[in-house]
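The values are calculated or read from the model by the stated rules, or taken from the named source; none is laboratory data. The structure presented is a predicted model; accordingly, all values stated were derived computationally and were not measured. Quick reminder, even Gly has a Cβ in these numbers, built from the backbone with ideal geometry, and neighbours come from all protein chains shown.
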Amino acid sequence: MGIVLVSNGVYHATTKEGGKASSMLDYSADYFVLKEDLDTRGLDESKVDSKVKVVTYGDVVDLIMNDYEKTAWL
């Protein structure tokens, strides 16, 4: 399972005071954070938790189309 952190969700990607990670990162999953949303909020990539990979919009499309099973519902 892959989780992409976007919009205000990017705050979960950065380490907190004292080096603690967000409790959201406790689940067994691959974590990604959108670089553009980090930049928009003035967050430094060097503060992103080691469990989270920084990706671009293009990378997200590749992840969705190539790396993960797709499920759709109405």
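Remarks
- Top-ranked residue in region 51-65 [being within 16 Å of M24 (Cβ to Cβ) and either of a type in the set (D, E, K, R) or modelled with pLDDT under 90 (or both); ranked as farthest from the chain's Cα centre (by Cα)]: K51
- Condition check for L38: surrounded by 14 or more Cβ atoms within 10 Å (Cβ to Cβ), in a helix (DSSP H, G or I), free of Cβ contacts under 8 Å to residues at least 60 places away in the same chain and of a type in the set (A, V, I, L, M): yes
- Residues that are surrounded by 12 or more Cβ atoms within 10 Å (Cβ to Cβ) and within 13 Å of the chain's Cα centre (by Cα), drawn from region 3-20: I3, V4, L5, V6, G9, V10, Y11, H12, A13, T14, T15
- In region 41-60, the residues that are outside any strand (DSSP E or B) form Cβ pairs under 9 Å with partners that are loosely packed, with under 11 Cβ neighbours inside 10 Å, at six or more places apart or across chains, as follows: R41/N8.
- Within region 10-27, residues that are free of Cβ contacts under 8 Å to residues at least 24 places away in the same chain have Cβ atoms under 6 Å from residues that are outside any helix (DSSP H, G or I) in these pairs: H12/L5; H12/S22, counting only partners at least 6 apart in sequence or on another chain.
- Leading residue by the ranking (surrounded by the fewest Cβ atoms within 10 Å (Cβ to Cβ)) among those in region 21-35 that are touching a strand residue (DSSP E or B) at 6+ places or on another chain (Cβ under 6 Å) and assigned to a strand (DSSP E or B): D30
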